[in-house]
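Take a look at the structure set out below.
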Amino acid sequence: MHRVRVLRDGTESENLSDFISSLPPKVRELMQQLRSHRGVENSLHHTLDVTFTEDASRIRKGAGPSIAAVFRRLALSILKSD
């Protein structure tokens, strides 16, 4: 599966993935399974990452990540309520 994304700064990000399966080659079902695998990062996580660049956070130790996540969710809730 080949995927190209255009990022905000105009650069392109390419992703090429190979998969092996013992399932019969029903393309539509196979693609649905592959796409649902990406559902691990649900819409909340995607929204937090896009809004607050959460994936780039350098907060890593102790209770810091949990506390930062609470504040990000609170801020997102306030932003959505407007």
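The values are calculated or read from the model by the stated rules, or taken from the named source; none is laboratory data. None of these values were measured; they are calculated from a predicted model. Cβ coordinates were reconstructed from backbone atoms using ideal geometry, including for glycine residues, and neighbour counts include every protein chain displayed.
Odds and ends about this structure:
- Just one of the listed residues (Ser43, Ser36, Ser22) is modelled with pLDDT of 75 or more and either farther than 26 Å from Ala69 by Cα or hydroxyl-bearing (Ser, Thr, Tyr) (or both), and it is Ser22.
- Looking only at the stretch 45-68, and only at residues there that are exposed (fewer than 10 other Cβ atoms within 10 Å of the Cβ) and of a type in the set (D, E, K, R), the one that is farthest from Lys80 (Cα to Cα): Lys61
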